[in-house]
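This report refers to the structure that appears directly beneath it.
The values are calculated or read from the model by the stated rules, or taken from the named source; none is laboratory data. The structure presented is a predicted model; accordingly, all values stated were derived computationally and were not measured. Backbone-built Cβ (ideal geometry, glycine too); neighbour counts: all protein chains shown.
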Amino acid sequence: MTINATAPLLLAFYVAVADARGVPRAKLGGTVQNDVLKEYIARGTYIYPPAPSLRLITDVFEFTASDVPQWNSISVSGYHMREAGATAVQEIAFTLANGLAYLDAARARGLDVERIARRMSFFFNAHNHLFEEVAKFRAARKLWAELLAERFGVRDLEAMKLRFHTQTAGSMLTAQQPLNNVVRVALQGLAAVLGGTQSLHTNSYDEALGLPGADAARLALRTQQVIAHESGVTDAADPLAGSYWVEALTAELETRARELMARVDATGGMLAAIASGWVQAQIHEAAYRWQREVEAGERVIVGVNRFAEAEPAAAQPFKPDPRVERERAAFLAAWRSQRDAGACGAALARLARGARGSENLMPLILDALTARATLGEVCDSLRSEFGVYKPGAGA
């Protein structure tokens, strides 16, 4: 579930359905992204300030460890930071620094860090430079294992693994000459596999124009299948190991990422670096440099600033059917009218009281949803205690 600020609620919905159907919680498997720190950095779909958001994330860690042990309680995402303009070094450093911040919070709660780490996964971007991206993935895998040993004394090999999903770079898709994106996606997907990804999403070539069409989505799938079954890259775990250039790039990226993470530590850690805007400024500067290089022609984007041609007008963007909104509004009104309003209000009040204290909020969220509270009502209950994050307002 690619969800962050409302990840505890989506997990609770899932558990509530399982409970209603008599499915043991211990048999549930899945993943919530649950990575809100990158929302403050790059994506913007936050609700609460960082400190209560981190509390909710840690509540999910604790709840899944005790009740839903096969659930992956967080997927730490560098993808969105790269989409916002981060460099490969920044993607490694800030993603892993966020991961360390989550484990620090788990340790402060008294949780078993090794157990939490075994259920962590990561989500990376596959960008344009084939060899830099391969080296990026290799450096991140090595660095994560070293950091867990250095900072938390982790020795369990399963906990030290950097398990990651990769998506090809949406920001590198061009509306101009969109068929060129087929080649870009194939090279990006190849880089991810060469770098050791466990899971892959290949973008459709027309996504710069709107939601993908059926033919484009099928071709994106076939791209993965050609890489998997025809290219031979899956015949070895690390096909480019020993390549002078790839090994040199891997070492360089690891060194530079460590240096950047040291700068994060010097600001007081990731929460402080985000609250001050320092991390965001680093990414903004990198994005500005990239755009200047493109506009000056120093960085070639085929079909955009070189090899451009006159083209027909782009396809019309997707427009949602307004009936969907009306149907959902009617469903929600019926849902509210059919519930026990008193029981629902009492459950929401208990959740608000819990938010004022320090108890794990997952059981209270689950109780509220079971009493037929809506996602918005649960969020409003938490907003009443936590407030709403405003950039520059601190943690």
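Name the pairs: first residue in segment 160-187 and within 24 Å of I116 (Cβ to Cβ) and touching a residue at least 60 places away in the same chain (Cβ under 8 Å), second residue part of a loop (DSSP other than H, G, I, E, B) and among the aromatic types (F, W, Y), Cβ to Cβ under 8 Å, at least 6 apart or on different chains?
none
I'd like to know if segment 180-187 contains one or more residues that are closer than 30 Å to E311 by Cβ, of a type in the set (G, A, S) and in a helix (DSSP H, G or I).
Scanning segment 180-187 turns up at least one residue that is closer than 30 Å to E311 by Cβ, of a type in the set (G, A, S) and in a helix (DSSP H, G or I).
Going residue by residue through segment 208-219, is there one that turns out to be under 17 Å from A191 (Cβ atoms) and part of a helix (DSSP H, G or I)?
Among the residues of segment 208-219, not one is under 17 Å from A191 (Cβ atoms) and part of a helix (DSSP H, G or I), which makes the answer no.
Give the residue, chosen from A12, A16, A7, A51, that is under 24 Å from S384 (Cβ atoms) and modelled with pLDDT under 95.
Selected residue: A51, the only one of A12, A16, A7, A51 that is under 24 Å from S384 (Cβ atoms) and modelled with pLDDT under 95.
Just one of (1) under 24 Å from G376 (Cβ atoms); (2) among the hydrophobic types (A, V, I, L, M, F, W, C); (3) not in a helix (DSSP H, G or I) trips up V23, so point out which.
Looking at each condition in turn, V23 falls short on (1).
List the pairs whose first member sits in segment 233-252 and is surrounded by fewer than 12 Cβ atoms within 10 Å (Cβ to Cβ), whose second member is at pLDDT below 95 and among the basic types (K, R), and whose Cβ atoms are under 9 Å apart, counting only residues at least 6 apart or on separate chains?
From residues that are surrounded by fewer than 12 Cβ atoms within 10 Å (Cβ to Cβ), there are no pairs.
Conditions (1) modelled with pLDDT under 95; (2) within 23 Å of the chain's Cα centre (by Cα), marked per residue:
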{"position": "A236", "(1), (2)": "yes, no"}
{"position": "P239", "(1), (2)": "no, no"}
{"position": "W245", "(1), (2)": "no, no"}
{"position": "L249", "(1), (2)": "no, no"}
{"position": "T255", "(1), (2)": "no, no"}
{"position": "V264", "(1), (2)": "no, yes"}
{"position": "L271", "(1), (2)": "yes, yes"}
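When A26 is evaluated against the numbered criteria (1) among the aliphatic types (A, V, I, L, M); (2) closer than 23 Å to K161 by Cβ; (3) at pLDDT 95 or above; (4) in contact with a helix residue (DSSP H, G or I) (Cβ under 7 Å, 6 or more places away or on another chain), which criterion, by number, is the only one it fails?
Every condition holds for A26 apart from (4).
Mind checking which residues of segment 141-156 are assigned to a helix (DSSP H, G or I), charged (D, E, K, R) and either at pLDDT below 95 or over 18 Å from F123 (Cα atoms) (or both)?
E146, E150, R151
Might you let me know whether segment 98-111 holds any residue that is buried (at least 23 other Cβ atoms within 10 Å of the Cβ), small (G, A, S) and more than 24 Å from P391 (Cα to Cα)?
The answer is yes; a qualifying residue exists.
So that you can scan it fast, the table gives a plain yes or no per residue for (1) under 16 Å from P8 (Cβ atoms); (2) free of Cβ contacts under 8 Å to residues at least 60 places away in the same chain:
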position	(1), (2)
L37	yes, no
G44	no, yes
V60	yes, no
S66	yes, yes
M81	no, no
V89	no, no
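Would you check if there is a residue in segment 297-312 being assigned to a helix (DSSP H, G or I) and modelled with pLDDT of 95 or more?
The answer is no, given that none of the residues of segment 297-312 is assigned to a helix (DSSP H, G or I) and modelled with pLDDT of 95 or more.
Taking the stated definitions as given, is Q282 surrounded by 14 or more Cβ atoms within 10 Å (Cβ to Cβ), of a type in the set (S, T, N, Q), in a helix (DSSP H, G or I) and modelled with pLDDT of 95 or more?
yes
Matching residues to (1) out of contact with any Asp or Glu (no Cβ under 9 Å at 6 or more places or on another chain); (2) assigned by TED's automatic domain parsing to the domain that holds D367; (3) acidic (D, E); (4) crowded, with 24+ Cβ neighbours inside 10 Å:
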| residue | (1), (2), (3), (4) |
| --- | --- |
| V17 | yes, no, no, no |
| K38 | yes, no, no, yes |
| A42 | no, no, no, no |
| P69 | yes, no, no, no |
